[in-house]
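Asks: This is the structure I have questions about; it appears just below.
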Amino acid sequence: MPGGVGGRYSGDMSDPLLFVLAVLALLGTPGPTNTLLATAGASDGLGRALMLVPAEAAGYLIAITTLGLALGPMVTAVPALGLALRVAVGLYLIWMALKLWRGGAANAGERVITPARVFLTTLLNPKAMVFALGVVPFGHQRVGLYLAGFTVLAMLVALGWVGLGAVLGRAAAAGGCSRLVPRLGAAAVTAFAALMLGSPLLR
């Protein structure tokens with residue numbers, strides 16, 4: 001069995017097919033980043049929202065690498081650190097939801113969803129911890145290939161969410177409901193924030 005960083009990785013997840021399926025399943029589920037991508041596609045159009053895709057991929061790659069190689073063991077050893085991270089993510093999502101809501105009330109001149117905000121949201125996305133600690137086989141001698149494959153899959157899925165948002169945005173515009181798009185995105189992001197802040201209290 002290949003060694004590496006502490007010899008720590010899931011042998012099952014080193015299977016390429018299982019790895020791809022796990023990555024696609026997690027990336028395809030709704031979450032804060034996907035909500036922003038779809039909302040941007042709906043409100044800004046496909047062309048302008050495409051610049052968000054590299055920001056999403058970079059956020060995931062940096063978060064997964066940092067967690068997998070350094071912070072992961074610390075979060076496991078110190079539960080309070082994990083709780084603090086969840087609270088920080090929840091508060092940031094609430095701030096992002098307020099920006100989206102106000103963007104829906106204002107005229108369409110200001111872009112609320114920027115590459116920097118998508119990058120930061122993805123950097124704080126709880127999915128990154130799942131990828132780092134349960135999917136990406138850190139310790140495998142070819143972990144770089146898995147990370148490269150993950151990056152490609154992340155960009156493809158992001159394109160799908162942006163495209164879906166663009167289709168829904170055109171439908172909303174045709175129905176005269178364009179200003180509702182960012183507000184719906186704000187409601188979804190608020191729900192994820194509530195989940196992040198509330199789940200530790202339910203344990």
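Asks: At 0.36 nm per residue, minus the direct Cα-Cα distance, what do residue 120 and residue 156 gain on full extension? Give it in nm, one decimal, please.
Replies: Net length gain for the segment: 11.0 nm.
Asks: Need one number: nm distance between label points at residue 84 and residue 141, each 7 Å from Cα along Cα→Cβ, rounded to one decimal.
Replies: 3.9
Asks: Using the basic label-point model (7 angstrom from Cα toward the beta carbon), what is the residue 48 to residue 15 distance in nanometres?
Replies: In this crude spin-label approximation the distance works out to 4.6 nm.
Asks: Per residue of segment 24-41, what does 6.51 cos²θ - 1.76 cosθ + 1.60 with θ = phi - 60° give for ³J(HN,Hα)? Whole Hz please, x for Gly and Pro, Karplus curve as stated.
Replies: 5, 5, 6, 5, x, 6, x, x, x, 5, 4, 4, 5, 4, 5, 5, 5, x
Read-outs throughout are calculated quantities, based only on the coordinates presented, and are distinct from any laboratory measurement. Worth saying up front: this structure is predicted, and the values here are computed from it rather than measured. A quick note on method: Cβ atoms are made from the backbone with ideal geometry, for glycine too, and the neighbour counts reach across all protein chains shown.
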